[in-house]
1. So, residue 71, is that one touching a residue at least 24 places away in the same chain (Cβ under 8 Å), surrounded by fewer than 19 Cβ atoms within 10 Å (Cβ to Cβ) and under 30 Å from residue 4 (Cα atoms) or not?
2. Could you please let me know if residue 54 is outside any helix (DSSP H, G or I), at positive phi and either more than 16 Å from the ligand (Cβ to nearest atom) or at pLDDT 95 or above (or both)?
3. Residues in segment 23-30: is at least one outside any helix (DSSP H, G or I), surrounded by fewer than 17 Cβ atoms within 10 Å (Cβ to Cβ) and free of Cβ contacts under 8 Å to residues at least 60 places away in the same chain?
4. Pick from 40, 20, 44, 4: which is in contact with a helix residue (DSSP H, G or I) (Cβ under 6 Å, 6 or more places away or on another chain) and modelled with pLDDT of 95 or more?
5. Quick one: which residue in 211, 206, 199 is within 16 Å of the ligand (Cβ to nearest atom), on the phi > 0 side of the Ramachandran plot and touching a residue at least 24 places away in the same chain (Cβ under 8 Å)?
6. On the basis of being within 19 Å of residue 115 (Cβ to Cβ), surrounded by fewer than 17 Cβ atoms within 10 Å (Cβ to Cβ) and at pLDDT 95 or above, does residue 153 make the cut?
7. Scan segment 50-68 for residues that are crowded, with 21+ Cβ neighbours inside 10 Å and closer than 13 Å to residue 32 by Cβ and report the count.
8. In the set 79, 109, which member is surrounded by 22 or more Cβ atoms within 10 Å (Cβ to Cβ) and away from the ligand (no atom under 16 Å from the Cβ)?
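The values are calculated or read from the model by the stated rules, or taken from the named source; none is laboratory data. Note that this is a predicted model, so its numbers are computed, not measured. Methodologically, a virtual Cβ is constructed for each residue, glycine included, from the backbone with ideal geometry; neighbour enumeration extends over all protein chains shown.
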Ligand SMILES: *Cc1c(COP(=O)(O)O)cnc(C)c1O
């Protein structure tokens, strides 16, 4: 299957999930996760109308963003773990950093310029995945909101690989609602339908578009 065909299938899955949930498909943004994939693959997806791409690694993001900046309307979301000393390279190219998980990282980003961000929450307490601990979330939201350079769009999470993701998606939605945050980045290739049912506004899909890594 070509990337254009795979992308078509993912769009259909999103449309069907929205219909089943009684949601407007315009509320759900597809973030095409292109980590480890070639610039040619990103270009193929762009040719098929995809505009928002997700990357996990700073160097890879910088290289692709530079090589592909001629593609009209292309936008990059950073979805990987970010070290504070790399914040500069990401702020320059990413339209959104989805993985802010500490006040120190938020400050490091703000020092480098204005940026839209999301807070990653480690709901299942799997520290290797990144994300702030649930009990730290309220304070981190307050900190980011008090930081003039940063615009807080919402919350992001990566649920455990095993088991039903729904309770985690539901919990993220509840926490966002508690704080009046609109955007929810949750759902990947395997579980985007469940995420959309539970209110996702951004789904991050790699394998189902670009094939296995
Ligand atoms: C790689 C990755 C994805 C995409 O996962 P797939 O299962 O390939 O769709 C989504 N979110 C994050 C944070 C990732 O690292």
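1. The answer is yes for residue 71.
2. No; evaluated as a whole, the condition is false for this residue.
3. yes
4. Only one candidate passes the filter, namely 44.
5. It is 211.
6. no
7. 5
8. Selected residue: 109, the only one of 79, 109 that is surrounded by 22 or more Cβ atoms within 10 Å (Cβ to Cβ) and away from the ligand (no atom under 16 Å from the Cβ).
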